[in-house]
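Below: the structure, in structure tokens.
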Amino acid sequence: MNTFKNPKWTGLAINGVVAIAIGMVFIFLPQALVSTIVKVIGAILGLSGVSLLLYNFFNKKRGVYNVYHIFQGVLNLAVGIIMITNPQLMVKFIFFIIGLWTLAIGLFQIVYALRVRKVVNSGMFLLGNGIAFLGLGLIMIINPIAVINSMLVVIGAVIALLGFILVYFSFLVYKAGKLTPYEEVIDAKVIE
């Protein structure tokens, strides 16, 4: 069986370490991460507003301004400034809207499940799902920051876990010092 040296184990290790670092940022600095993301999006939105206003000012046709571009430019600029100066307010607002939407879906599912419970055998499943959506919507409305922090911690834990797996696998590759090409793995017996 032909084998070859695989010096690329370091790439796996580096990717693993980077994933672990990113996961730790998600786990230990969720509010700073959200704040930074919102500020960056706010800056992009603000620049979009300024560019729309400048475009409208310099490209007016026969002295007529495009009202849509002016409105969109002012709105983008205003929302961008709010996102940069008060990112927590924007996160709360967005999660409030998502919470209302989730609450409405939960209520709809509960009403629908109660209406079809005699016709559909698994109506209780839909009822349970509706109650879960209702609860999630209420939590998002009452405490949106806790919801986003929890989501980021879970995402960070998954990313860090995947990073540890990559680092572990890179050490296995380094220790073996060789890998079997893909074609030979298919045809070969189990290698110990």
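Coordinate-derived values only; no laboratory data. Small disclaimer: the values here were computed from a predicted structure and weren't measured. Glycine also receives a Cβ, built like all others from the backbone with ideal geometry; neighbour counts cover every protein chain displayed.
Numbers at a glance
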| quantity | calculated |
| --- | --- |
| Extension gain, I44 back to Y68 (0.36 nm per residue minus Cα-Cα distance, nm) | 6.7 nm |
| Label-point separation, V17 to L54 (7 Å along Cα→Cβ), nm | 4.1 nm |
| Residues A146 and F108, FRET efficiency given R0 of 35 Å [Cβ-Cβ distance, rounded to 0.05] | 0.90 |
| Projected label distance in nm at A78 and F96, using a 7 Å step from Cα toward the beta-carbon | 1.6 nm |
| Residue-by-residue Karplus 3J(HN,Hα) for the range 69-81, coefficients 6.51, -1.76, 1.60, Hz, glycine and proline x | 5, 5, 4, 5, x, 5, 5, 4, 5, 5, 5, x, 5 |
| Gain upon complete extension [I155, K8; 0.36 nm per residue less C-alpha separation] | 50.2 nm |
| Contact order normalised by residue count of the range 11-175, Cα under 8 Å, 6+ apart, percent | 39 percent |
| Dipole axis of the range 11-175 (+1 Lys, Arg; -1 Asp, Glu on Cβ), positive-most option in I145, I70, A13 | I70 |
| Neighbour-limited loop hits for trypsin sites (Lys or Arg not before Pro), the range 81-132 (at most 16 other Cβ within 10 Å; DSSP other than H, G, I, E, B) | R117, K118 |
